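Any read-out appearing in this document is the output of simple, stated calculations on the displayed coordinates, not a laboratory observation. These numbers come from a predicted model, not from an experiment. Neighbour counts run over all protein chains shown; Cβ positions are idealised from the backbone, glycine included.
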Amino acid sequence: MGSARETVEHFWEALYRRDFDAVAGFFGPTSTYTDVATPPEDLAVGPDQIVARLQLGIARLDHYGHTPVLMISESDVVVTEHVENWRWHTGETISFPFTSIHVVEDGLITRWTDYWDLQTLLSAAPAWWIEEIAAGYV
């Protein structure tokens, strides 16, 4: 088991490959993931819900890339400033700034919170994708 920073670095590698099986392995049954731009009760808990939430947003992207800006790690907390680069098959693109906070315990991410601007996303995303996101996942 490596450091919290190494865990998060490996997590990012799996996520940007869209290797959802590998991504699930970074979370335990009580791990949480949320986006601050969404309602507070919109919390994914456990690997299955976390992966389902990720797949809803990014699985249908034509391109999904990541430009790291800054990573700070102290004890079990890792903060990553990064820009995600999205392209939909219909041609729309976005360079999407994020700040992500991960808490890592015993090699698993127990808490993941993403901070981003909803209007940045809504101004770039195609209407069909927004409709799919609004419908949610099961």
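At-a-glance table
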{"item": "Charge dipole (debye, nearest 20) of the chain; +1 at Cβ of Lys and Arg, -1 at Cβ of Asp and Glu", "result": "240 debye"}
{"item": "Farthest positive-ward along the stretch 4-127 dipole, Cα basis, beta-carbon charges - from Val83, Thr99, Thr32", "result": "Val83"}
{"item": "Loop GluC sites (Glu not before Pro), the stretch 1-44 (other Cβ atoms within 10 Å of the site Cβ: 12 or fewer; DSSP)", "result": "Glu41"}
{"item": "Pairs of Cα atoms farther than 21 Å apart, the stretch 4-127, %", "result": "36 percent"}
{"item": "Relative exposure of Asp106, Asp19, judged by other C-beta atoms within 10 Å (fewest first)", "result": "Asp106, Asp19"}
{"item": "Within the chain, longest stretch clear of exposed trypsin sites (Lys or Arg not before Pro) (DSSP loop, no more than 16 other Cβ within 10 Å)", "result": "61-138"}
